[in-house]
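I have placed the structure first, in the form of structure tokens, so that the comments after it can refer back to it.
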Amino acid sequence: MNEIVNLADNSAVYDVAQVSPLSIAVQLSKRVANQVYLKREDDQIIHSFKLRGAYQKISSLSDAKKSKGVIASSAGNHAQGVALAANRLKIKALIIMPTSTPKIKVQAVQQLGAEVILHGDVYDDAFDHAKKLESEKGLTFISPYDDFDVIAGQATVAKEILSQLKEVDLVFIPVGGGGLISGMASYIKHYSPHVKVIGVEPLETPTLFRSLEANERVILDDVGRFADGVAVKQIGELPFEIAKDAVDEVVLVSNDEMCAAIKDIYEDMRSISEPAGALATAGVKKYIIEHDLKDKNIVSVVSGSNVNFDRLRYIAERADLGELNEAIVAVTIPEEPGSFLRFCELLDNHSVTEFNYRYSTKKDAHIFVGVQLSNGESEKQTLITKLSKSFEVIDMSDNSMAKTHIRYMVGGHANAENEVIYRFEFPERPGALLSFLKKVKTKWNISLFHYRNHGADFGRVLIGLQVDNVKELEARFDELGYFYKNETDNKAYQYFL
């Protein structure tokens, strides 16, 4: 750790990086009764901290290695960091990116002067190809996180924080492969050991959290795709060794909580963070509530803002749920005159954000309702308790299938025999939906289909099939290699489809 600190104190990263602002989030601070400062790494020239580690590593190479060039595999910010560093040092850079990488990211890397090769469906394919070319062409591979010099470059973020704010109580840092948090934690614990270092990860990608639990590096079976900047199945070997001693805690947050944090950052800074960039801020809010913190000086690292414009629709839709400004409920009311009016009267002055209903049977009606909240969880529970005295009510605010698919579907019960429902995620690129359908094409009849593209790297499908043998069907699904989940028992499906 001392060597990391020494390198950070004498780093050359400021040839390309600027000292990013440490700005107080006035509205957020007031709301959470603490002083929350945002370390604006989204303000860098490539809108991410990644240029620090990349430049530290590449600038330290021997002249012989520089003359041959560098290679990296990345679908995003690391690619831009390597391309920029190589450009400034006037050396050749080759970047391998998955074929599913959005065009805007590919163009950003090319504009920085790097050569781009698209290879494979996912990052692991790109990584394997990069390592193959490294050997064939004699290039130097630049790791995004599992490298001593890269870690030292990222540590300069902590160096700036300690010089910008005299009194710091807690620092929240997003975690993917671990390069940023291991570098920052090393520096903070060396100079200010009293400062708590808190890592933040998505609930769907608890890489460091699970590894610390097991006291060894754990390989996750699957990772969440929403925060693609931290979608890593296993934390780096060197970062984990550092994190075991230097990181105090790890907080896990949901996708909706990240969306709410993106909104918070926007409202205070007028900057739109990417999901991984808002990860730490989501962790700040959750940690404050869970530990009842008051009047602490808290720093959150906003690590990047490279987000596709098309994705903002999804983020805006989910932000109110993450902030607990909206509740989604399924309510069963008698299919009789006056019952609908009685239900609306029980809502009092609550604003209805969404209302879906279709006649199903002569006995009961199931309605899908979104209700605006002004006082979070307590208000939601009070409303549900009130409605439950007259009707059957199910809270669907945390039901992924309901939020991603059901609320956008119109129809009713098809009464399809032997129907089973599955939720899929698959790599998104031109022709991906057609490719998915061709792979699923079997002897089973498709009875329901709903597809949404959020402008992200993964498409989401809800599919119904009429099936006699579920094991045989799922064996076919396993061959596809995509994430899927059986949703046949999901109340949202049973009520509305």
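FYI, it's all coordinate maths here, none of it is from the lab. Every value quoted in this text rests on a predicted model; they were computed, and no experiment measured them. Virtual Cβ from ideal backbone geometry, glycine too; neighbours counted across all protein chains shown.
Some points to look at:
- Counted residue by residue at 0.36 nm each, then reduced by the alpha carbon distance between them, the extension gain from Q164 to D128 reaches 8.9 nm.
- With R₀ fixed at 45 Å, the C-beta to C-beta distance from L89 to N486 puts the FRET efficiency at about 0.30.
- Per residue of the chain, the DSSP helices (runs of n ≥ 4 H) give a summed -39500 (n - 2.57) that works out to -12000 deg cm²/dmol at 222 nm.
- Between the C-alpha center of the stretch 322-383 and that of the stretch 1-66 there is a gap of 47 Å.
- Taking a Cβ cut-off of under 10 Å around G176, the surrounding Lys, Arg, Asp and Glu residues balance to a net charge of -2, with basic ones at +1 and acidic ones at -1.
- The stretch 14-92: trypsin sites (Lys or Arg not before Pro) in DSSP loop, at most 10 other beta carbons within 10 Å: K90
- In this rough spin-label picture, where each label sits 7 Å from Cα along the Cβ direction, the I446-V352 distance is 3.3 nm.
- DSSP beta bridges in the chain [antiparallel fraction, %, rounded to 5]: 60
- If only the Cβ of Lys and Arg carry +1 and only the Cβ of Asp and Glu carry -1, the dipole of the chain around its Cα centre is close to 1180 debye.
- The C-alpha atoms of the chain define a longest principal axis, and helix 50-59 lies at about 30 degrees to it.
- Nonlocal amide H pairs with E354, under 5 Å, H built at 1.01 Å: G370
- Peptides 71-78, 104-111, 333-340, ordered by how many other C-beta atoms sit within 10 Å of their residues on average, highest first, read 71-78, 104-111, 333-340.
- Counted residue by residue at 0.36 nm each, then reduced by the alpha carbon distance between them, the extension gain from I289 to L341 reaches 15.0 nm.
- Total formal charge among the other residues, if their Cβ is under 12 angstrom from that of S192, Lys/Arg +1 and Asp/Glu -1: +2
- Global form of the stretch 51-144, assessed from the alpha-carbon gyration tensor, a/c cut-off 1.5: oblate
- Whole-angstrom gap from the stretch 151-180 to the stretch 253-297, using each part's C-alpha centre: 17
- Flagged links, alpha-carbon separation over 28 Å, of K66/K189; K39/K132; K380/K471; K443/K485; K244/K285: K66/K189; K39/K132; K380/K471
- 0 to 90° range, to nearest 10: angle between helix 77-88 axis and the chain longest Cα axis: 30
- Extension gain for L434 to D245 (0.36 nm times residue separation, less C-alpha to C-alpha distance): 63.2 nm.
- FRET E, pair N308, D15, Förster distance 35 Å, beta-carbon r, rounded to 0.05: 0.75
- Ranked by how many other beta carbons lie within 10 Å on average, peptides 10-20, 303-313 from highest: 303-313, 10-20
- Cα gyration tensor category, rounded, prolate or oblate, for the chain with a/c compared to 1.5: oblate
- Cut-off under 5 Å, modelled amide H: who pairs with V200 long-range: I173, V175, V251
- A protection proxy built from the mean count of other Cβ atoms within 10 Å ranks the segments 259-267, 294-302, most packed first, as 259-267, 294-302.
- Those aspartates and glutamates that a straight Cα-Cα span of less than 17 Å connects to K389, excepting residues fewer than 8 apart in one chain: E345, D348, D364, E379
- Annotation: amide H of S254 within the under-5 Å range of L203, sequence separation 5 or more or interchain, hydrogens built in the peptide plane.
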